[in-house]
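No value in this document is a laboratory result; all are computed from the given coordinates. Since the model is a prediction, treat every value here as computed from it, not as a measurement.
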């Protein structure tokens, strides 16, 4: 068990956000697909993770943002493609693979997201 990923929430969950914050996230931000994560995203993210398979990997060997695995020298398989700067619906940030994408494991991605980054 861990705390809800929503900043300041003390609710215990098995992962992610508690039911109250999941509901709030979807009503304010929209669902995963409504936020632009389409079949096109699925294909590009998979290709990106194949090229950069470990947590903390970025194009051109650029240092990752908030990858604890990278900082500790751990070899952890990436399961997420993270937007370094949240795209907020901006297509330029959404699809900027060279400077705004990084591969992260689930734990590092949750930590970064929970920090609001």
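Nearest 500 deg cm²/dmol is fine: what mean residue ellipticity at 222 nm does the chain get from its DSSP H runs of n ≥ 4 alone, each adding -39,500 (n - 2.57), divided by its residue count?
Result for the chain, helices only: -10500 deg cm²/dmol.
Could you run the Debye sum over the Cα atoms of segment 41-107, one equal point scatterer each and no solvent, and tell me log10 of I(q)/I(0) at q = 0.11, 0.21, 0.22, 0.26 Å⁻¹, two decimals?
-0.22, -0.79, -0.86, -1.16
Dimensions of the chain along principal axes (Cα, Å, largest first)?
39, 33, 19
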